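Derivation of every value follows stated rules applied to the coordinates shown; laboratory data play no part. Computed from a predicted model, the values in this text were never measured in an experiment. Cβ placement follows ideal geometry from the backbone for every residue including glycine, while neighbour counts extend to all protein chains displayed.
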């Protein structure tokens with residue numbers, strides 16, 4: 001039986017297979033971005049695909065702490081928009 005890597009959601013603290021999680025990454029210039037392929041270099045944090053987890057992570061300081069940076073309000077809005085876009089694409093597949 002092959003090993004399946006697991007990651008923990010920073011919002012709900014649930015462990016799931018890495019393939020089921022969405023990764024956020026802090027890039028070299030300090031911005032945060034959605035990393036759907038989970039391959040970009042930089043400090044990463046994982047979230048469930050559930051909207052509740054995204055809202056909890058973006059509302060509080062959990063994402064700031066996980067990425068070790070202070071996110072601006074505009075970055076939070078951009079991440080929420082990226083999630084909605086990513087969700088729409090996944091629904092069409």
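Using the average count of surrounding beta-carbon atoms within 10 Å as a protection proxy, the listed peptides 77-85, 43-51 rank, highest first, as 43-51, 77-85. Is the C-alpha gyration tensor of region 1-58 telling us rounded, prolate or oblate? Criteria: a/c under 1.5 is rounded; beyond that, a/b larger than b/c is prolate, otherwise oblate. It is oblate, given that a/c is not under 1.5 and a/b is not larger than b/c. Take the alpha carbon atoms of region 50-93, find their center, do the same for region 1-48, and report the distance between the two centers in whole angstrom. Computed from Cα coordinates, the inter-centre distance equals 12 Å.
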